[in-house]
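The values are calculated or read from the model by the stated rules, or taken from the named source; none is laboratory data. Remember, predicted model here, so these are calculated numbers, not experimental data. Cβ placement follows ideal geometry from the backbone for every residue including glycine, while neighbour counts extend to all protein chains displayed. Note: areas computed on protein heavy atoms with side chains; ligands, DNA, RNA excluded. Shrake-Rupley method; radii C 1.70, N 1.55, O 1.52, S 1.80 Å.
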Amino acid sequence: MSDTFVFSDELTCFATRVSEAVRKGARFGGLFATREPSGTRLLVLLEEGAIISTDSVVVQDAQPQYPALSLEIPAAAWYEREIHDLFGIEAIGPRRLDPLVLPTTTGSSRPRTGSGTTKGPIEIDPTPLSAHLRGEGVFTIPYGPVRSGVFESIEYLVETPGEDILHLRARVFHKHRGIETRFEGMTPADGVLLAERYEGVASVAHAVAFSSAVEQIAGVEIPEGAGLLRVLHAELERVANHLESVIRHCEAAGQAVAFARFSLHKERVQRLRAAISGSRFGRGVVIPGGVSGPPGLGASALFSSIDQVEAGVRADLRLLMATPSFADRLRGTGIVSPEVARQFGALGPVGRGSGQMADARIDRPYAAYSLLGLRSIEHRLQGDALARQRARMDEIEGSFHIIRQAIDRMEHLRAGKMQWAVPVDLKLNGQSIGWAEAPQGEVLYIVQLEEGRLTRVKPRSASFHNLAMFQAAFPKDVLTDFAFIEASFGVSIAGVAG
Amino acid sequence: MPWIPRGLREGVVTSRYPRRRDGYGPVFRAAVRVIDAADATTRIEDSVAACPTGAITIHDGRPRIDQGSCILCGRCTELRPDVFRFDPGFETAELRREALVVPEITESDEVLRLASAELGRRVRALRKSVHIRHIDVGSDGSDEWEVAALTNPVYDVQRLGVFFTASPRHADLLLATGVGTVGMLDALRQTYEAMPEPKVVIAAGVEAISGGLLGRGYASHGGIATTVPVDVFVPGSPPSPFSLLYGILLAIGRLSTADRAPGGRSPRSQGKDLGTARSDLYSEGFGMEGRI
């Protein structure tokens, strides 16, 4: 199919450059589109250790196609589908561009976020996907969007002959809220509130990534105390999210007491976060230029509550991992091989269960992470749900270690004069990329400002990046493993659907 | 079975709300109010402009806040602490959308009494036990955490005869979170229609009430009220578990009149400002009931 298309040299060279860079070891960070007066600009992010490099090309409106990157980079497949849904430009390659975040009817206009476009009415086409497999006794189980329990909406199509999962597809458009378009025209001060709601369970990480992009454009350094408070909130958020993942595992395994125990621990963490910030999700803490104010708890109160939570969590985690009826369900379940993880550039605990150790806190320290000692976590290659769970347990321990250092440093600073934020120019112009390590993995924000107003914001959540790999996590798994594999991925659908 | 003693060792952590007051309730930032005695005639336009959701409007020179779109960012309380303040407490849910606009638009008590009586008749059979079907219609994900928290040992809503169910066929109460995305509207309608009568709908969170910070857009309907009839509105972004619990109890008529002054907030959540409430919080170990 691809040979019937002739692309301009520009587009062909772009695809070759990107493929070449990834072949040489760069990690594919994402492919994003934005409207410009002359066409649609494609921007690719490539990460090599401490450096994020970008490459871009404009796809002209006369021929809204470009050569698919997913031919060589499987991780690009979902980005190409997203761009097709939102901008109507097509990646030409062997894969079909099934709708993902916004299936539109023929003739409907698309959001085409960016500058210089008029937007017509957008009509969603909710027609179910057709079966992918054919064969004797193979049938499709549509699961969702309304799930059996208190979950975010997502639709899975499971194709199965009865027990084995032969093929799995996810569609997330049900929850698509069109947040990227909402950012347009906002001030950075309002934008950070919206960033907190892009993926609500990782509010702090999103706010930090967004704000650091704005701070880079403004060329300001945040005060040390602000960096430390950002770290404190980000690590509490990580603990809460990882506990949530443990709770989901316990629920799937029918471990009623463990479920209750970890729910209690999580409630304590949420209350601690509320006591420090006034919000159970740490909202309103991070602002462009620093933080909104001092923590609501003093060092001794913080230390004693951290001690209480950590002691409880540690003892129960030890017991949980020694409970055979729990660990047996995770061992060998949902294996993501190190090779698949590398191809998809797996992020966060999902990556760290399969040998992908990238961690923005270490690779590109932000906030106050460079001042604090981070424990390295064990290199695991098993790639099963158990390995992902163990990676999360390591991270919980690591987070408590970081939190203590942050409180300690903050306490020393307090003796002197404490500054919580620096002013940010209200008439900013420019573009930059911000990042943070969310509990789900690295979050990226591409932020563009003109005269102090946001003209384009593109968040890239780890949830989106990792869920693209979800169908690869069922090599020899059966329907009853589904709940465990889903819990071990720990993604937030809000962060996928946008 | 090493888990059983582990559970027992902790003792009772469960709240006694609504039979007893819970220490955690009043420490929470629940709503922004206009201070009654405030001289709000000068320069309130700044706060109006600063509100990211346009929740503040001016009527006859006095500000009015729509708690159905307030995301509690606190910008107005910072700009004009003499006019706006955070109110603690969690008893924020209302039976009528208009009642979320404070100070109240003069609405005849009759209208409210009618609404409340109609709902009361409908839910008479649900008073002892209610089954809830939760549906996410475009939330940011945090609302689900708060809804799920209702089943943790601290809130433990099963003790009140409140249960979550997977099938809409078993459900009496629909608890919707999120902005009402275009992609979920059919699912929302079908879920509502699949529920047997009598049924009650709760819009949980400002996103479900008005769309919150997202408002209306190409993919968002700005709340669920245009798709299904809403009986109870629970503000918050996201609403805390206690706010949700209060909304549920309000929906099924489980709150006595002493708990609730007609058309307004319960008397117990008034009069204590957040400053003193937060100092309790430190001394009481986050205001958690006794031991937690």
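Would you pick out the residues in the stretch A:294-313 that are part of a loop (DSSP other than H, G, I, E, B), more than 26 Å from B:ASP143 (Cβ to Cβ) and at the interface with chain B (Cβ under 9 Å from one of its Cβ atoms)? Quick ask: steps written out before the conclusion?
First pass over the stretch A:294-313, keeping only residues part of a loop (DSSP other than H, G, I, E, B): A:294-298.
When the remaining residues are screened for being more than 26 Å from B:ASP143 (Cβ to Cβ), the result is A:294, A:298.
Within the stretch A:294-313, just A:GLY298 meets the criteria.
State all residues of the stretch A:248-261 that are crowded, with 24+ Cβ neighbours inside 10 Å and at the interface with chain B (Cβ under 9 Å from one of its Cβ atoms); if no residue qualifies, say none.
A:ALA258, A:ARG261
This table checks each residue for (1) open to solvent by 10 Å² or more (accessible area, probe 1.4 Å); (2) touching a residue at least 60 places away in the same chain (Cβ under 8 Å); (3) outside the structural domain of A:ARG329 (by TED's automatic domain parsing).
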residue: A:LEU449; (1), (2), (3): no, yes, no
residue: A:ARG453; (1), (2), (3): yes, yes, no
residue: A:ALA472; (1), (2), (3): yes, yes, yes
residue: A:SER492; (1), (2), (3): no, yes, yes
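Anything in the stretch B:97-114 that is modelled with pLDDT of 80 or more and under 21 Å from B:ASP60 (Cβ atoms)? List them, or say none.
Listed by number, the residues that qualify are B:GLU98, B:ALA99, B:LEU100, B:VAL101, B:VAL102, B:PRO103.
Could you identify the single residue in A:VAL146, A:VAL158, A:VAL101, A:VAL150 that is within 26 Å of the chain's Cα centre (by Cα) and open to solvent by 40 Å² or more (accessible area, probe 1.4 Å)?
Working: A:VAL158 fails: open to solvent by 40 Å² or more (accessible area, probe 1.4 Å); A:VAL101 fails: open to solvent by 40 Å² or more (accessible area, probe 1.4 Å); A:VAL150 fails: open to solvent by 40 Å² or more (accessible area, probe 1.4 Å).
It is A:VAL146.
With the structure loaded, tell me whether A:ALA275 is modelled with pLDDT under 95 and either over 13 Å from A:ILE306 (Cα atoms) or not assigned by TED's automatic domain parsing to the domain that holds A:ILE407 (or both) or whether it fails that test.
Taking the combined requirement at face value, the residue does not satisfy it.
Which of the residues belonging to the stretch B:159-194 are within 22 Å of B:PRO238 (Cα to Cα) and either open to solvent by 40 Å² or more (accessible area, probe 1.4 Å) or assigned to a loop (DSSP other than H, G, I, E, B) (or both)?
B:PHE163, B:PHE164, B:THR165, B:GLY178, B:VAL179, B:GLY180, B:VAL182
Are there any strands (runs of 3 or more DSSP E) wholly within the stretch B:53-103 with 3 or more residues that are open to solvent by 50 Å² or more (accessible area, probe 1.4 Å), and if so which?
Fully inside the stretch B:53-103 and qualifying: B:56-59.
Restricting attention to the stretch B:205-241, which residues are away from chain A (no Cβ under 11 Å) and buried (at least 24 other Cβ atoms within 10 Å of the Cβ)?
Answer for the stretch B:205-241, where residues must be away from chain A (no Cβ under 11 Å) and buried (at least 24 other Cβ atoms within 10 Å of the Cβ): B:ALA208, B:ILE209, B:SER210, B:GLY223, B:ILE224, B:PHE233, B:VAL234, B:PRO235.
Of all residues in the stretch A:252-281, which are assigned to a loop (DSSP other than H, G, I, E, B) and farther than 30 Å from A:MET321 by Cα?
A:GLY278, A:SER279
All but one of (1) outside any loop (DSSP other than H, G, I, E, B); (2) in contact with a Lys or Arg (Cβ under 8 Å, 6 or more places away or on another chain); (3) of a type outside the set (A, V, I, L, M) hold for A:PHE28; which doesn't?
(2)
Looking only at the stretch B:61-111, which residues are within 14 Å of chain A (Cβ to nearest Cβ), among the hydrophobic types (A, V, I, L, M, F, W, C) and within 15 Å of B:VAL234 (Cα to Cα)?
B:CYS70, B:ILE71, B:LEU72, B:PHE90
Quick check: anything in the stretch A:58-65 out of contact with any Gly (no Cβ under 6 Å at 6 or more places or on another chain), closer than 21 Å to A:ARG112 by Cβ, part of a strand (DSSP E or B) and in contact (Cβ under 8 Å) with a residue 40 or more places away in the chain?
Yes, the conditions are met somewhere in the stretch A:58-65.
For the stretch A:179-190, give me the residue count where each residue is within 18 Å of the chain's Cα centre (by Cα) and under 19 Å from B:PRO238 (Cα atoms).
Qualifying residue count, the stretch A:179-190: 1.
Considering the stretch A:317-337 alone, what residues qualify as being buried (at least 20 other Cβ atoms within 10 Å of the Cβ) and closer than 19 Å to A:ALA253 by Cα?
At the first step, the residues of the stretch A:317-337 found to be buried (at least 20 other Cβ atoms within 10 Å of the Cβ) are A:317, A:320, A:326, A:329-330, A:333-336.
Result: A:LEU317, A:LEU320, A:PHE326, A:ARG329, A:LEU330, A:THR333, A:GLY334, A:ILE335.
Considering each residue of the stretch A:227-247, count those that are within 10 Å of chain B (Cβ to nearest Cβ) and either under 23 Å from B:GLY11 (Cα atoms) or surrounded by fewer than 22 Cβ atoms within 10 Å (Cβ to Cβ) (or both), and give that number. Break it down stepwise before answering.
Going residue by residue through the stretch A:227-247, those that are within 10 Å of chain B (Cβ to nearest Cβ) are A:240-241, A:244, A:247.
Of the ones still in play, those that are also either under 23 Å from B:GLY11 (Cα atoms) or surrounded by fewer than 22 Cβ atoms within 10 Å (Cβ to Cβ) (or both) are A:240, A:244, A:247.
Adding up the residues that qualify gives 3.
Scan the stretch B:138-155 and give yes if some residue there is farther than 18 Å from B:PHE233 by Cα, more than 7 Å from every other protein chain (Cβ to nearest Cβ) and not aromatic (Phe, Trp, Tyr), otherwise no.
The answer is yes; a qualifying residue exists.
Conditions: (1) assigned to a strand (DSSP E or B); (2) within 13 Å of chain A (Cβ to nearest Cβ). B:ILE202 meets all but one. Number of the miss?
(2)
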